[in-house]
Amino acid sequence: MSTTVERRVRTVRESLASTLGEAMAADESMVLLGETVRAGGAQGVARGLYERFGPSRVIETPVSENGIFGAALGLALSGFRPVVEIYSADFLLAVANEIVNDIAKWRIQHGQPGAQLPVLIRGCMGATAGLGPEHSQSMEPFFFHSPGLQICVPSTLENAPALLDAALESRQPTLFLEHRKVYELQGSGTPEPRPAAEPGTAEVVRVGTDLTMVAWGWMRTEAEAACATLAEHGVTVELVDPRWIRPFDYATVVNSVAKTGRLLVLEEAFITGGIGAEILARVTEAFPGRALVATRVAMPDVIHPYHAEMERQILPTAADAVHAALRLVRNQDES
């Protein structure tokens, strides 16, 4: 697809809808299937696609996640490029066997490691507005442990369409996880080349020398606010948005930490077994014999509450990142 596309969109939701529509127009083998997609999908990303492409390419499904994902695998093996929308990414757990044991492993199990299997799985995730335990989780850690899957988490109006393009063009099994709060992020929508966004490439959002901060999805917005506050304290932060959780661009993070000497990972998911722990481990292994000054800021291991104020108290914020960053910098300076 073209790297320069004229866009007159205002939000991430609109940019994703536009990009998906462009991809379907460019390739008749691409089909969209899922619950409520005929009416525009759970978050409106599919709005207008049924009217544009018809029922043979925008396929309204029953409420049967196992059936939806089995059909997607069959379509991919038959030469189609299915895009599956799941109503809420939390429900990926209901179909984990199909994703992890069938879709992710199919090529290896059948002796075709270099084959394409273009199944792209989209869904909304993340906590907002007190949606409760079953509609608020950050789902990337659950599937981070699964070889054969790509995992992408967009964070801005600028990178969301480029990442969706890259995920589609990779033609490999991919989870494309869209945080609910990111949908309404706005931008000018002016025409400009899409940034490079190939699988396994991180973005250095801002350059700094005192601390490396890693954040993705909605946490990038919190991290950017934290960086602005830390600058007022004389702390310059190098902010890295990995964008792709799998494959993960560890090299960019390691190179940054080699310069700053400190690392802070900000993630919304539960702290135990989180992706932040793996990042800290990989970076530590990259500097044998060197004490790494590092920490994580994440959600405590508690079930998401319905009450919005209770939810607010457990979610990681820019203020939490600032506090943790200042502790890292000041404790090391004093030691």
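The values are calculated or read from the model by the stated rules, or taken from the named source; none is laboratory data. Only a predicted model underlies this, so the values are computations on that prediction, with no experimental measurement involved. Here the Cβ positions follow ideal geometry from the backbone for every residue, glycine too, while neighbour counts run over all protein chains shown.
Overview of results
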{"read-out": "Filter result (closer than 23 Å to LEU163 by Cα, among the aliphatic types (A, V, I, L, M) and out of contact with any Asp or Glu (no Cβ under 9 Å at 6 or more places or on another chain)) within the range 86-134", "value": "ILE99, VAL100, ILE103, ALA104, ALA115, LEU117, VAL119, LEU120"}
{"read-out": "Identity of the residue in the range 189-214, at pLDDT below 95 and in a strand (DSSP E or B), that ends up surrounded by the fewest Cβ atoms within 10 Å (Cβ to Cβ)", "value": "PRO193"}
{"read-out": "Lone qualifier among ALA167, ALA162 - being more than 25 Å from GLU311 (Cα to Cα) and in contact (Cβ under 8 Å) with a residue 40 or more places away in the chain", "value": "ALA167"}
{"read-out": "Filtered residue count, the range 11-52, keeping only those that are charged (D, E, K, R), over 20 Å from PHE69 (Cβ atoms) and more than 18 Å from the chain's Cα centre (by Cα)", "value": "6"}
{"read-out": "Evaluation of GLU98 against (1) modelled with pLDDT of 95 or more; (2) at positive phi (one fails), failing number", "value": "(2)"}
{"read-out": "Hey, HIS110 at pLDDT below 95 and not aromatic (Phe, Trp, Tyr) or not", "value": "yes"}
{"read-out": "Helices (runs of 4 or more DSSP H) fully within the range 1-118 counting 3 or more residues that are surrounded by 15 or more Cβ atoms within 10 Å (Cβ to Cβ)", "value": "12-26, 49-53, 65-77"}
{"read-out": "Helices (runs of 4 or more DSSP H) contained entirely in the range 230-323, each with at least 3 residues that are surrounded by 14 or more Cβ atoms within 10 Å (Cβ to Cβ)", "value": "250-260, 275-286"}
{"read-out": "Tabulated pairs, the range 243-256, first within 18 Å of LEU177 (Cα to Cα), second among the polar types (S, T, N, Q) and surrounded by 19 or more Cβ atoms within 10 Å (Cβ to Cβ), C-beta under 6 angstrom, 6+ apart or interchain", "value": "ARG246/GLN150"}
{"read-out": "Number of positions in the range 202-223 that are more than 17 Å from the chain's Cα centre (by Cα) and among the acidic types (Asp, Glu)", "value": "1"}
{"read-out": "Scope the range 78-96; condition over 12 Å from LEU33 (Cα atoms) and in contact with a helix residue (DSSP H, G or I) (Cβ under 8 Å, 6 or more places away or on another chain); matching residues", "value": "PHE91, LEU92, LEU93, ALA94, VAL95, ALA96"}
{"read-out": "Every pair of residues 6+ apart whose Cβ atoms lie under 9 Å, when the first sits in the range 54-66 and is within 12 Å of THR36 (Cα to Cα) while the second is of a type in the set (Lys, Arg) and at pLDDT 95 or above", "value": "VAL58/ARG38; VAL58/ARG52; ILE59/ARG38; GLU60/ARG38"}
{"read-out": "Any hit, the range 186-201, residues being more than 21 Å from VAL45 (Cα to Cα), within 16 Å of the chain's Cα centre (by Cα) and polar (S, T, N, Q)", "value": "yes"}
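Yes/no per residue for (1) touching a Lys or Arg at 6+ places or on another chain (Cβ under 8 Å); (2) closer than 19 Å to GLN137 by Cα; (3) touching a residue at least 60 places away in the same chain (Cβ under 8 Å):
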| site | (1), (2), (3) |
| --- | --- |
| ILE279 | no, no, yes |
| THR284 | no, no, no |
| PHE287 | no, no, no |
| VAL293 | yes, no, no |
| ASP301 | no, yes, no |
| HIS323 | no, no, no |
| ARG330 | no, no, no |
